[in-house]
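Encoded as structure tokens, the structure appears first; notes follow it.
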Amino acid sequence: TLRRHPILFDAVLESDFFDPVPPASQLADEATQALQYKARDFQDVLDVVRRQANDRMFQVGVHILRGRATPEDSGIALSDIADTALRTLYTPVEQEFAAAHGRIPGGQMGVIALGKLGGQELAIGSDLDLLFIYRGEGEDSDGARPLASITYFTRLGQRYLSAVTAPTAEGSLYEVDMRLRPSGNSGPLAASFESFVKYHRESSWTWEHMALTRARIVVADGAFREELADAIRSILTAPRDADTLLRDVASMRARIERDRKSGGDWDIKNRRGGLVDIEFIAQYLQLRHGAAHPEILSPNTTDALLRLKAAEILDPSMADPLIKAMHVWRNVQGVLRLSVGDEFDEEKASSDNKAILARGCRTADFDTLRQTVSDSAAQCYEIFCKLIEGPAANMEPRET
């Protein structure tokens, strides 16, 4: 069964249901036409966007379970669906808010995706990691009920967040995680551009810069989009102390290992040699070498590994196994989420579930897949130890 999303039988009746999901531009056209003909008020907008997105997510899920696409193949399609929903919702939310409070002269809010959406690696059931950054600090809005800029964009962000997350008659859309914003949950929901840049240049932690390697701008117009892109690039390519960076990355991975115990061999995310280890390697190397090699930056982990290999920062003997393992991990995780959930117990799994997992991962049989998972994890953990864990352990103790 498709977890967390309703089975939308009407979608299956469409003649193009088993065709590939169209590109983002066509999804945007579909959304525009649907709003034009079906949305009479703001509530209709919320329902139409949910119906469009859920139909397409259901389509992707069926394609994966029927072997027409792998979860990794579907990452861009699912990210395009999410991008379309986020962009389609933003304008009516902003217009409704402006009708009550006016607009900040010269101001606008940008929406930045991090994590899986930032890397266009979204899976069925993934949360969205988002940042809200605004331009227009110090101005008041020009409406009948004016608001100071920080209040204006905080409330606009709250309205937008509610539009994305609130359930309606058409079901849920996405859960959103805003904890990666400056200062985390203690910081304002929307940060000004100036405070965002200042925070990341002066106060942020290494793990926050690691998260920022996955940043991708989803909503922002014209010059502000360019300003955001330039600021993120500047933060990521700033010179860093290599020893401090190495210590911080190794320490963070050790903390995760301590606090989030792996759920076993099929805990693809947290097991040693799994997704977290590979993502840490890609993020660490981008931060360490970004100043000298800005061309290595990419929010997509596999693409970042390929760029690190092309720049001769990551030897092919390491890059190739990591890239191969990324294919395996994303496919296994994606099929598990669609079929039995993340907590897969091999001892209790039925032969049918094992067959679905093997087929969805394009593997001959379950035993072959199990061996591939074991071998990939062992290789990737060995690489992590060579690049990060071992060198950090051999460093002189930090001076106090």
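The values are calculated or read from the model by the stated rules, or taken from the named source; none is laboratory data. Computed from a predicted structure; not experimentally measured. Glycine also receives a Cβ, built like all others from the backbone with ideal geometry; neighbour counts cover every protein chain displayed. When the accessible area is computed, the model is the full protein with side chains, heavy atoms only, and any ligands, DNA or RNA have been set aside. Shrake-Rupley method; radii C 1.70, N 1.55, O 1.52, S 1.80 Å.
Let me know the longest stretch in the chain that avoids all GluC sites (Glu not before Pro) found in a DSSP loop with at most 14 other C-beta atoms within 10 Å.
15-174
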Cleavage-rule hits (chymotrypsin sites (Phe, Trp or Tyr not before Pro)) in region 184-244: DSSP loop, at most 13 neighbouring Cβ within 10 angstrom: Trp205
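Percent relative contact order of region 16-130, based on C-alpha pairs within less than 8 angstrom and at least six residues apart? Present the calculation step by step, with values, prior to reporting the outcome.
On the way: 94 pairs, mean separation 33.2, N = 115.
Across region 16-130, relative contact order equals 29 percent.
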Value at 222 nm in deg cm²/dmol, rounded to 500, when DSSP H runs of n ≥ 4 in the chain each add -39,500 (n - 2.57): -18500 deg cm²/dmol
Listed residues Ile388, Ile150 arranged by accessible area, highest first, probe 1.4 Å: Ile150, Ile388
The chain: relative contact order as a whole-number percent, Cα under 8 Å and 6+ apart: 16 percent
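By the scheme Lys and Arg +1, Asp and Glu -1, what is the net charge of all other residues having a beta-carbon under 11 Å from that of Arg135?
Value of the local net charge: -4.
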Under 17 Å from the Cα of Lys38 - aspartates and glutamates, other chains or at least 8 residues apart: Asp10, Asp29, Glu30, Asp47, Asp55, Glu170
Ellipsoid equivalent to region 174-259 - semi-axes via the Cα gyration tensor, in Å: 24, 17, 12
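Express the relative contact order of region 42-190 as a whole percentage, based on alpha carbon pairs under 8 Å and six or more residues apart in sequence.
Rounded, it is 25 percent for region 42-190.
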Solvent-accessible area of Ser339 with every protein chain in place, 1.4 Å probe, in Å² to the nearest 10: 30 Å²
Set Lys309/Lys354; Lys261/Lys386; Lys198/Lys324 screened for pairs whose C-alpha atoms are more than 31 Å apart: Lys309/Lys354; Lys198/Lys324
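How many percent of the accessible area of the chain is carbon or sulfur, using a 1.4 Å probe?
Within the chain, the accessible surface is 48 percent carbon and sulfur.
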Convex hull of region 253-400 built on C-alpha atoms - directionally averaged projected area, nm²: 10.3 nm²
Rg to Rh, two decimals, where region 1-153 supplies the alpha carbon set and Rh follows Kirkwood: 1.04
Percent of beta bridges antiparallel (DSSP, the chain, rounded to nearest 5): 70 percent
Per residue accessible area in Å² of the chain, where ligands, DNA and RNA are left out and the probe is 1.4 Å: 47 Å²
